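What follows is a short report on a single structure.
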Amino acid sequence: MWKIADRTVNSRLILGTALYPSLDILRQAIITAEVDIITVSLRRQAPEKNAGAGFWQAISDLGCHVLPNTAGCRTAKEAVTMAHMARELFKTNWIKLEVIGDDYLLQPDPFGVVEAAGILLAEGFEVFPYCTDDLVLCQRLVDIGCKTLMPWGSPIGSGQGILNLYAQRTIRERLPEVNLILDAGIGAPSHAAQAMELGFDGILLDSAVALANDPPQMAKAFNQVVMASRQAYQAGLMPKRDMAQASTPLLDTPFWHQEKVS
Amino acid sequence: MIKVTLNSERKEIEQPSSLQQALVLWGYGEGMVAVAIDGQVVPQAKYDETMLQAGHDIVVIAPMQGG
């Protein structure tokens, strides 16, 4: 069990709900991965279309806490308005804050994220900012009251994993008190393991599961690797060395040669 | 009749009309939606007392899959 915002949950894996082949497969993936938190979004709804209702009906009985996002927002003002809508729609004060600064990379706008986070925190939101792996930006978000950060590993949906391991390690070491969720860019369970072994508190991903040939099976794989790599972090990884160090004691082995001293 | 916009589409509606009446008229009924007028979210409890005015920009949103 671990605490995230005002909740205590089991799973350290947070699943997105987009891009699945069907709502049934999405449900299977969520159930198989045993996740406690799923991300959702919101869109303009034409009355003749019932897609939103169908999606909500498909997930509402799973017992997951929803984390709405502000996907598609390009300014702090848009993100704040969308957060208000999400709070009204989903009856939660949690918000995954996205303010995009570049349309090609979907790179977070650090200035917009900080501005919007400050407004939403003052209004009582639990803000989960999607941010870059810039230490000073992360520090600023913590300074204004964010208790959870979601730095990107690489661009959303790219599957490239963690492009700057040094930056992620530095954030973890310099901000030990904050919950760190690696968000975006994960393509394989090994990418998730890298972050968890650095001491990240959780992983948020979508495409890597939704676009797998067998999403429920991939969801299970991510669930297992996130748990295993968290245990590894807690157990303490051995330090790296540049040279070999024999694991079998060599002293007095049959062909051991003591160094001659002249 | 007054003119408003609903999700960027022009609509005409009789006056006076409450937001609740308009949502039913436009087919949203009991659907799970949230509404903002001129960028301000209207709590569901205030749909009845919120009266539409000419030029209102109304946005109706619903849940969507997201990452």
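Throughout, read-outs are computed from the coordinates displayed, never taken from laboratory work. Please read these numbers as outputs of a predicted model, since none were measured by experiment. Positions of Cβ are backbone-derived with ideal geometry, glycine not excepted, and every protein chain shown enters the neighbour counts.
Comparing A:Tyr130, A:Tyr20, A:Tyr104 in a Gaussian network model of chain A, where Cα atoms under 10 Å apart are tied by springs, the biggest mean-square fluctuation is seen for A:Tyr104. Spin-label model, B:Ile37/A:Lys260: points 7 Å from Cα along the beta carbon direction are separated by 10.0 nm.
Seen from A:Val99, the other residues with C-beta closer than 9 Å to its C-beta sum to a net charge of -3, counting Lys and Arg as +1 and Asp and Glu as -1. Summing Lys and Arg as +1 and Asp and Glu as -1 over all other residues whose Cβ lies under 10 Å from the Cβ of B:Gln21 gives a net charge of -2.
Note on region A:39-117: dipole from Cβ charges, positive end direction compared against A:Cys64, A:Thr81, A:Ser41; the farthest Cα belongs to A:Cys64.
Sorted from greatest to least, the principal axis extents spanned by the alpha carbons of chain A come out as 92, 40, 35 Å.
Each eigenvalue of the Cα gyration tensor of region A:4-70, multiplied by 5 and square-rooted, gives one semi-axis; in descending order these are 22, 14, 10 Å. Taken over region A:94-217, the ratio of Cα radius of gyration to 2.2 N^0.38 Å equals 1.02. Whole Å is fine, so just give me how far the alpha carbon centre of chain B lies from that of region A:11-51. Spelled out, the Cα-based centre of one part sits 26 Å from the other. The calculated P(r) of chain B, using every Cα pair and 5 Å bins from 0, goes 4, 17, 31, 29, 13, 4, 2, 1, 0 in percent. Using only the C-alpha atoms, the convex hull of region A:98-159 corresponds to 74 Å³ per residue.
All other residues whose Cβ lies under 11 angstrom from that of A:Ala29 are scored, Lys and Arg at +1 and Asp and Glu at -1, for a net of -2.
Residues of region B:1-23 with an amide N closer than 12 Å to a point placed 7 Å from the Cα of B:Asp57 along the Cα-to-Cβ direction: B:5-9.
Separation of region A:202-225 from region A:172-197 is 15 Å, based on Cα centroids. Once the Kirkwood radius over Cα pairs is known for region A:35-79, the Stokes-Einstein relation at 20 °C and 1.002 mPa s delivers a diffusion coefficient of 176 µm²/s. Diagonalising the gyration tensor over the Cα atoms of region A:145-262 and scaling each eigenvalue by 5 before taking the square root yields semi-axes of 38, 19, 13 Å, largest first. Over region A:196-262, the reciprocal of the mean inverse Cα-Cα separation, the Kirkwood hydrodynamic radius, stands at 16.2 Å. As a rough footprinting exposure proxy, the listed residues A:Trp56, A:Trp152, A:Trp2, A:Trp256 were ranked by other beta carbons within 10 Å of their own, and the order from fewest upward is A:Trp256, A:Trp2, A:Trp56, A:Trp152. Result for chain A in a Gaussian network model with C-alpha springs under 10 Å: among A:Ala53, A:Ala76, A:Ala29, the largest mean-square fluctuation is at A:Ala53.
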